[in-house]
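Shown next, in structure tokens, is the structure this report addresses.
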């Protein structure tokens, strides 16, 4: 896309960014008791990299039936190349912007309005199309960070035992991850998502610590090894939780990324769950994992996502488009950027110079 063409198309989006209220009246009328609307904005400024080539790949959300809907989406940038794409293995929606060495300033703004609805599995059998079943089977395969053999296969067999029903197997795995992991605040970002590393720590120390990507990846690998299609879902908290402050965010959400899980049952479709947040609840509220409160929310979060978290994608171990200099990406829950081909640390947004904000409700 040529620069002039993009900026012309962005003019309307720019008005959206500056509007005091960019949710339409029609959309507002669809809000229900268990849904919420958020205005979300991302600002990125790489202007301090003078005389350097810069590029960013920003993960952006897609509609998910029954859970999230993108009501409005707008961008504004001075990049000489900028466009939206989903040309990658997982069709992860991405906004790409590129500035050449001479470009100044180097700025990007993204604004969107999203509606989120509690996602609650009703556990009833449904008619699932053969095409959906075939597509879900792709999430049985191992990836670079998600092995399904070796230690993963051995532990999965011990957890599942003689159980044959897929849903019951998934529940045993979910419960095991919750019972045997703890939240380690020293871990950067959402963690590295290496199930083998988690199991190695468990074998060595009798416990395994990490953050949401670590626990989600372990849960997914164990489910895949047990014949259940599963995937991590990278996303970001966008507002307060009704259940605990541990599950929510304020209006500055630059560091509010969070990873959840969903798994597929052929008679039910994709089912949401969140083993990692139970470990966060235990840490933040100072309660025991066997306490009534922890057990109650653990049961709740098997088959549930709250309407204060925005899903971005389920991409892991994949190649970006356009291709980046550093090669395959482990996961895609943070803005990814390069300056003269060198990686920008997304876990240091102040140095990177990006911010993400969220405001609940319609003004």
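Key figures for this structure:
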| quantity | calculated |
| --- | --- |
| Any hit, the stretch 274-282, residues being touching a residue at least 40 places away in the same chain (Cβ under 8 Å) and farther than 22 Å from residue 175 by Cα | no |
| Boolean, residue 249 is within 24 Å of residue 66 (Cα to Cα), touching a strand residue (DSSP E or B) at 6+ places or on another chain (Cβ under 7 Å) and at pLDDT 95 or above | yes |
| Candidate set from the stretch 158-193 (those that are without any contact (Cβ under 8 Å) to a residue 40 or more places away in the chain and assigned to a helix (DSSP H, G or I)); member that is nearest to residue 287 (Cα to Cα) | 180 |
| Residue tally, condition within 13 Å of residue 307 (Cβ to Cβ) and part of a loop (DSSP other than H, G, I, E, B), over the stretch 233-248 | 7 |
| Subset tally (residues that are in contact with a strand residue (DSSP E or B) (Cβ under 6 Å, 6 or more places away or on another chain) and either exposed (fewer than 15 other Cβ atoms within 10 Å of the Cβ) or at pLDDT below 95 (or both)) for the stretch 312-327 | 2 |
| When residues of the stretch 194-232 are limited to those that are modelled with pLDDT under 95 and part of a loop (DSSP other than H, G, I, E, B), the one surrounded by the most Cβ atoms within 10 Å (Cβ to Cβ) | 207 |
| Count - residues of the stretch 89-102 that are farther than 26 Å from residue 138 by Cβ and surrounded by fewer than 22 Cβ atoms within 10 Å (Cβ to Cβ) | 4 |
| Matching strands (runs of 3 or more DSSP E) fully within the stretch 252-358 where at least 2 residues are over 21 Å from residue 211 (Cβ atoms) | 257-265, 269-273, 336-339 |
| Residue check for residue 344: surrounded by 13 or more Cβ atoms within 10 Å (Cβ to Cβ) and more than 30 Å from residue 175 (Cβ to Cβ) | yes |
| Sole exception among (1) at pLDDT 95 or above; (2) more than 21 Å from residue 294 (Cβ to Cβ); (3) touching a strand residue (DSSP E or B) at 6+ places or on another chain (Cβ under 7 Å) for residue 181, by number | (2) |
| Residue list for the stretch 127-153, filter: in a loop (DSSP other than H, G, I, E, B) and over 23 Å from the mean Cα position of the chain (by Cα) | 127, 128, 129, 149 |
| Positions within the stretch 283-304 being more than 15 Å from residue 172 (Cα to Cα) and either under 18 Å from the mean Cα position of the chain (by Cα) or not assigned by TED's automatic domain parsing to the domain that holds residue 187 (or both), in sequence order | 304 |
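Rundown of residues vs (1) over 24 Å from the mean Cα position of the chain (by Cα); (2) touching a residue at least 60 places away in the same chain (Cβ under 8 Å); (3) in the same structural domain as residue 353 (by TED's automatic domain parsing); (4) part of a strand (DSSP E or B), yes/no style:
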{"site": "66", "(1), (2), (3), (4)": "no, no, yes, no"}
{"site": "70", "(1), (2), (3), (4)": "no, no, yes, yes"}
{"site": "75", "(1), (2), (3), (4)": "no, yes, yes, yes"}
{"site": "84", "(1), (2), (3), (4)": "no, no, yes, yes"}
{"site": "104", "(1), (2), (3), (4)": "yes, no, yes, no"}
{"site": "108", "(1), (2), (3), (4)": "no, yes, yes, yes"}
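The values are calculated or read from the model by the stated rules, or taken from the named source; none is laboratory data. No experiment lies behind these values; they were computed from the predicted model shown. Reconstructed Cβ throughout: ideal geometry from the backbone, glycine too, with neighbour counts over all protein chains shown.
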